Structures are given as structure tokens and as C-alpha cells.
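Undergrad: The structure's right below; bear with me while I get my questions together.
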Amino acid sequence: MKGVVLAGGTGSRIFPLTKVTNKHLLPVGKCPMIYYPLAKLKEAGISEILIVTGKEHMGEVVNLLGSGNDLGLNLTFKVQDQAGGIAQALGLAENFAGKDAVTVILGDNVFEDSLCDFIANYQKQGLGAKILLQQVKHPERYGVAELDDNNQVLSIEEKPTAPKSNYCVTGIYMFDAQVFNIVKTLKPSKRGELEITDVNNTYIQQHNLSADEITGWWIDAGTFDSLKKADDLVRAGKLDEQVLKLLVPCQP
Ligand code: DAU
């Protein structure tokens with residue numbers, strides 16, 4: 001299993017904080033936002049990680065993280081020329097992934113739970129995809145899962161006006177190498193992006209997607225309010241201290 005952190009996009013919802021810097025470099029507690037997904041991958045035993053970001057900010061991201069050596073990680077970087085969507089950014093990971101499965105985390109997702117059990121569940125299931133769901137008060141801001149009586153995912157809608165459940169699809173995904181063939185079949189959505197929701201719906205049509213519920217706190221820190229909330233939760237639970245302890249160089 002390898003890791004992918006998607007840290008491109010425009011950060012337009014928190015402009016002007018993102019006028020000169022990348023959203024994922026903004027502070028959350030004592031760490032830059034991108035440390036959180038990196039630490040969650042490392043905690044789950046994944047140290048080979050690709051980071052995708054836009055050309056405007058790649059220099060700053062590399063300045064911060066270097067080769068990953070100082071964080072006990074082995075990092076690779078890939079430029080996304082334009083913010084063409086999450087699925088487009090993921091498509092750039094094809095050569096990096098090779099035949100391996102990947103755990104993908106959106107760089108603005110900050111969360112409490114360890115990924116160890118979810119990844120173990122995914123590996124038991126064999127190939128396919130896994131998504132992590134969380135019950136939220138305002139599902140219309142996210143991808144929303146429609147579930148049957150056995151909690152199987154029937155479909156996912158991206159930012160629906162009339163959500164079919166209160167289960168939002170978090171930005172934490174596990175995919176096999178088939179994901180790259182799926183990305184190549186996608187057409188841009190109405191907002192002009194290749195959508196991760198279309199990738200997941202393809203896996204659903206192939207009866208190849210499972211879902212687990214993530215019950216600890218989880219935040220998509222992409223708005224002013226949620227950025228503040230992430231900062232509050234991180235400080236209250238000292239997650240930043242844990243992250244700083246985790247992201248240290250490997251023992252020689
Ligand atoms: O956080 C969960 C939600 O994330 C999901 O419920 C939605 O299904 C999913 O589409 C996504 O929605 P957002 O509206 O929050 O996506 P956003 O455009 O904010 O992008 C999220 C992250 O993905 C961002 O922090 C960086 C990365 N990204 C995004 C785009 C559009 C890229 O790396 N490249 C891109 O072109």
C-alpha cells in the first residue's frame with residue numbers, strides 16, 4: 001500500500017488566506033495542515049507517499065517537506081498544472097502507484113481516528129475501493145452516500161440539494177490500480193472538474209466498493225469556519241503534539 005495526498009486546488013473558499021500560499025500550508029494547531037494526512041498515513045505504516053499540488057506552490061511545499069527524510073517519510077511530488085478536479089489530481093499518481101493499492105487523503109481533511117483498522121479491512125476485502133463515511137449535519141456541502149437497509153452504498157451524489165442521507169463521503173479513499181483506468185473514462189462535471197464521486201460511482205456499478213464509518217471527529221478544513229473548528233479540535237485533543245511526535249526521522 002502506498003499513500004497519495006492531494007494538495008492542489010485553488011483554496012478559493014478561504015481567499016485571501018490563500019492569495020500567496022497554498023491552503024495545505026496554513027497552520028492548524030502547531031503544524032501546517034498537510035502534516036495531518038501525512039502523519040495518518042505514517043501511523044498506518046505507509047511511508048511511501050506522493051504529494052500532488054499546483055505549480056504555483058510546489059516550491060513552498062518542497063521547501064517545507066524536502067525528501068521526507070526529516071519526517072521519516074519517502075516523498076515523491078507531482079505537479080497538477082490546473083485545478084482540474086480531485087480525480088484528475090489522482091490520475092497523476094498512476095506511475096507512482098504501479099500495481100499497488102493506494103490510500104488517498106485530501107490534503108484539507110483533518111481527523112482524529114487512526115486509519116490502521118480501515119486499511120486492514122480494505123486489505124481483507126481484496127481489490128476494489130473503500131470509502132469512509134461520516135454522519136454530518138449539513139451533508140449538502142459534500143459527496144453524499146445513498147445507503148440500503150444493509151448499509152451498502154447504492155450511489156453517491158456530489159453536493160446534492162436534496163441529500164438522500166446524512167452520510168457524507170470523507171476525503172479518505174482506498175483504491176486498487178484499476179482506479180487509473182476509471183479516471184481515464186471520466187468527463188468533466190458541470191463545474192468543469194473530473195470528480196472523485198464519479199470514480200466511486202463507477203466502483204459501485206462494478207459492485208466493487210465498500211464503506212466504513214469513521215466515528216471520531218473529522219473536518220474538511222476548506223472554509224473559514226471549518227478551518228477554525230479544525231484548529232480548536234486539534235488543540236483540544238493535542239493532535240498536533242501527536243503529529244509532531246510521529247513525524248520524526250527514521251532511526252538509522
Ligand atoms: O472533504 C470531503 C469532500 O471533498 C467530499 O465529500 C467530496 O465528495 C469531494 O468532492 C471533496 O469536496 P470539496 O468541495 O471539499 O473539494 P475541494 O475542491 O475543496 O478539494 C479538496 C481537496 O482536493 C483540496 O484540499 C486539494 C485537492 N484538490 C482539489 C482540486 C479541485 C486537488 O489536489 N486538485 C484539484 O484540482
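Undergrad: So, in the stretch 141-158, exactly how many residues are outside any strand (DSSP E or B) and surrounded by 15 or more Cβ atoms within 10 Å (Cβ to Cβ)?
TA: 2
Undergrad: Please work out if Ala120 is surrounded by fewer than 23 Cβ atoms within 10 Å (Cβ to Cβ), without any contact (Cβ under 8 Å) to a residue 40 or more places away in the chain, among the aliphatic types (A, V, I, L, M) and not in a strand (DSSP E or B).
TA: When the stated conditions are applied, Ala120 passes them.
Undergrad: While we're on this one: Please enumerate the residues belonging to the stretch 50-78 that are more than 26 Å from Ser12 (Cβ to Cβ) and of a type in the set (Val, Ile, Thr).
TA: Thr76
Undergrad: Right, next: So, in the stretch 211-230, how many residues would count as being part of a loop (DSSP other than H, G, I, E, B), β-branched (Val, Ile, Thr) and within 14 Å of the ligand (Cβ to nearest atom)?
TA: Within the stretch 211-230, residues that are part of a loop (DSSP other than H, G, I, E, B), β-branched (Val, Ile, Thr) and within 14 Å of the ligand (Cβ to nearest atom) number 2.
Undergrad: Is there a residue being hydrophobic (A, V, I, L, M, F, W, C), within 18 Å of the chain's Cα centre (by Cα) and closer than 17 Å to Met33 by Cβ anywhere in the stretch 85-99?
TA: Within the stretch 85-99, one or more residues are hydrophobic (A, V, I, L, M, F, W, C), within 18 Å of the chain's Cα centre (by Cα) and closer than 17 Å to Met33 by Cβ.
Undergrad: Going through the stretch 32-53 one residue at a time, which ones are within 16 Å of the ligand (Cβ to nearest atom) and open to solvent by less than 10 Å² (accessible area, probe 1.4 Å)?
TA: Scanning the stretch 32-53 gives Met33, Ile34, Tyr36, Pro37, Leu38, Leu41, Ile49, Leu50, Ile51, Val52, Thr53.
Undergrad: How do the pairs read when you match residues in the stretch 1-27 that are part of a loop (DSSP other than H, G, I, E, B) with residues anywhere that are of a type in the set (Gly, Ala, Ser) and within 9 Å of the ligand (Cβ to nearest atom), using Cβ under 6 Å and keeping only pairs 6 or more apart or on different chains?
TA: These pairs meet every condition: Ala7/Gly107; Gly8/Gly54; Gly8/Ala83; Gly8/Ala89; Gly9/Ala83; Thr10/Ala83; Thr18/Gly11.
Undergrad: Let me ask something else about it. Any idea which of Leu106, Leu71 is among the aliphatic types (A, V, I, L, M) and closer than 22 Å to Thr18 by Cβ?
TA: Exactly one of Leu106, Leu71 is among the aliphatic types (A, V, I, L, M) and closer than 22 Å to Thr18 by Cβ, namely Leu106.
Undergrad: Here is a follow-up. For the stretch 177-210: of the residues being open to solvent by 70 Å² or more (accessible area, probe 1.4 Å) and not in a helix (DSSP H, G or I), which is farthest from Gln82 (Cα to Cα)?
TA: Result: His207.
Undergrad: Something else about it: Exactly one of (1) in a helix (DSSP H, G or I); (2) surrounded by 18 or more Cβ atoms within 10 Å (Cβ to Cβ); (3) away from the ligand (no atom under 13 Å from the Cβ) is unmet by Met174. Its number?
TA: It fails just one condition, (1).
Undergrad: Oh, and also: For the stretch 95-111, name all the residues that are open to solvent by 10 Å² or more (accessible area, probe 1.4 Å) and within 15 Å of the ligand (Cβ to nearest atom).
TA: Passing the criteria: Phe96, Leu106, Asp108.
Undergrad: Here's something else I'd like to know. Please verify whether Ser12 is more than 14 Å from the ligand (Cβ to nearest atom) and polar (S, T, N, Q), treating the condition exactly as stated.
TA: Taking the combined requirement at face value, the residue does not satisfy it.
The values are calculated or read from the model by the stated rules, or taken from the named source; none is laboratory data. Since the structure is predicted, the reported quantities are computational estimates derived from the model, not experimental observations. Positions of Cβ are generated from backbone atoms using ideal geometry, with glycine treated the same way; all protein chains shown enter the neighbour counts. With ligands, DNA and RNA removed, areas are computed over all heavy atoms of the protein, side chains included. Shrake-Rupley method; radii C 1.70, N 1.55, O 1.52, S 1.80 Å.
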